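K.L.:
Right, I'll just put the structure down here and ask away after.
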Amino acid sequence: MSIRAHPWFNFPVTLNEEAISKLCPACGLCCNGVLFGDVELQRGDDVKLLGKLGVEFFRKGRKTAFSQPCACLVNGLCRIYEDRPNRCATFDCGLLKRVQSEKMMPAAALKKIADAKRRAAEVLKLVRQLGNTDESLPLNQRYAAVIAEPIDMSADEADIERRGELMMAVSRLVESLERDFLT
Ligand code: SF4
Ligand code: SF4
């Protein structure tokens, strides 16, 4: 792994750490329920320690998982960063990989992050306007719950229009997530 001097700190950091320090605090999309609905524990994860740190698990088939939005994400930062589960520690999104390999400049990646967050905020706003206020659920589940409601033709016309806007907003968000973060 490449090592270089970090402009903010007086000690060498790896390119990986440098990319994370620039992008992740401005993003949080892999922790806040936009990119993923849950995180599965992996071999080597210390379930007892994570439980003590406040992670709440559920059974997912034969696996143990915890839900997103993650309760450990506080003000855009992971409050259990040093002890975070293996899946979290080993996940690098597409943007991070491109910055680490110097195929993309951090400034361009930050623009992509801002764009994805704007698209996610559009979806969130519409989901709330359409009556889903369960902030504990990941965004895709909230969208699914709204769309599963039958269309009430006697309802406010604006709400019927909002359903259409929501579908378009989700399509724009998925396009951005798939293109910039998941490949
Ligand atoms: S999606 Fe990528 S840039 Fe955003 S917080 Fe996760 S790893 Fe960092
Ligand atoms: S434990 Fe930390 S890194 Fe993992 S999902 Fe939660 S906030 Fe993100």
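Values quoted throughout were computed directly from the atomic coordinates according to the rules given, and no laboratory measurement underlies them. Worth saying up front: this structure is predicted, and the values here are computed from it rather than measured. Cβ coordinates were reconstructed from backbone atoms using ideal geometry, including for glycine residues, and neighbour counts include every protein chain displayed.
K.L.:
Might you report the magnitude of the Cβ-based charge dipole of the range 93-183 about its Cα centre, with Lys and Arg at +1 and Asp and Glu at -1, to the nearest 20 debye?
P.N.:
Computed charge dipole of the range 93-183: roughly 740 debye.
K.L.:
Treat every Asp and Glu Cβ in the range 86-136 as -1 and every Lys and Arg Cβ as +1, leave all other atoms uncharged, and give the resulting dipole magnitude about the Cα centre to the nearest 20 debye.
P.N.:
Values: 11 positive and 6 negative charges, 41 e Å.
Value, rounded to 20: 200 debye.
K.L.:
When the chain is modelled as a GNM with alpha-carbon springs shorter than 10 Å, which of 82, 17, 165 fluctuates the most?
P.N.:
Ranking 82, 17, 165 by mean-square fluctuation puts 82 first.
K.L.:
Fewest Cβ neighbours within 10 Å first, please rank 105, 167 accordingly.
P.N.:
On the way: 105 11, 167 14.
With the sparsest Cβ surroundings first, the list reads 105, 167.
K.L.:
Order by neighbour count: 97, 117, fewest other Cβ atoms within 10 Å first, most last. Mind showing how you got there, number by number?
P.N.:
Numbers: 97 15, 117 18.
So the residues, fewest neighbours to most, are 97, 117.
K.L.:
How big is the gap, in Å, between the Cα center of the range 89-157 and the Cα center of the range 162-182?
P.N.:
7
K.L.:
Sorting 101, 67 on the 10 Å Cβ count, fewest up front, what's the list? Please report the intermediate quantities before stating the final value.
P.N.:
Details: 101 11, 67 20.
Ranked by crowding around the Cβ, least crowded first: 101, 67.
K.L.:
So, one more: Taking R0 as 41 Å, what FRET efficiency do you get between residue 102 and residue 154 from their Cβ-Cβ distance, rounded to the nearest 0.05?
P.N.:
FRET efficiency, residue 102 to residue 154: 0.10.
K.L.:
Place +1 on the Cβ of every Lys and Arg and -1 on the Cβ of every Asp and Glu in the chain, take the dipole about the Cα centre, and give the residue among 173, 139, 70 whose Cα lies farthest towards its positive end.
P.N.:
The one lying farthest along the dipole's positive direction is 70.
K.L.:
Taking only Cα atoms and a 10 Å spring cutoff, compute GNM fluctuations for the chain and point out the largest among 100, 68, 141.
P.N.:
141
K.L.:
For the chain, set up a GNM with springs between Cα atoms under 10 Å and report which of 152, 134, 115 has the largest fluctuation.
P.N.:
Most flexible of the set in this elastic network: 152.
K.L.:
Quick one: angle between helix 157-176 and the longest Cα principal axis of the chain, in degrees between 0 and 90, rounded to 10, please.
P.N.:
Between the helix axis and the principal axis of the chain, the angle is about 20 degrees.
K.L.:
I would also like to ask the following. Once the Cβ-Cβ distance between residue 90 and residue 129 is put in as r, and R0 is 35 Å, what FRET efficiency do you end up with, to the nearest 0.05?
P.N.:
0.40
K.L.:
What is the calculated FRET efficiency for residue 46 to residue 77, with r their C-beta to C-beta distance and R₀ = 25 Å, to the nearest 0.05?
P.N.:
E between residue 46 and residue 77, to the nearest 0.05, is 0.75.
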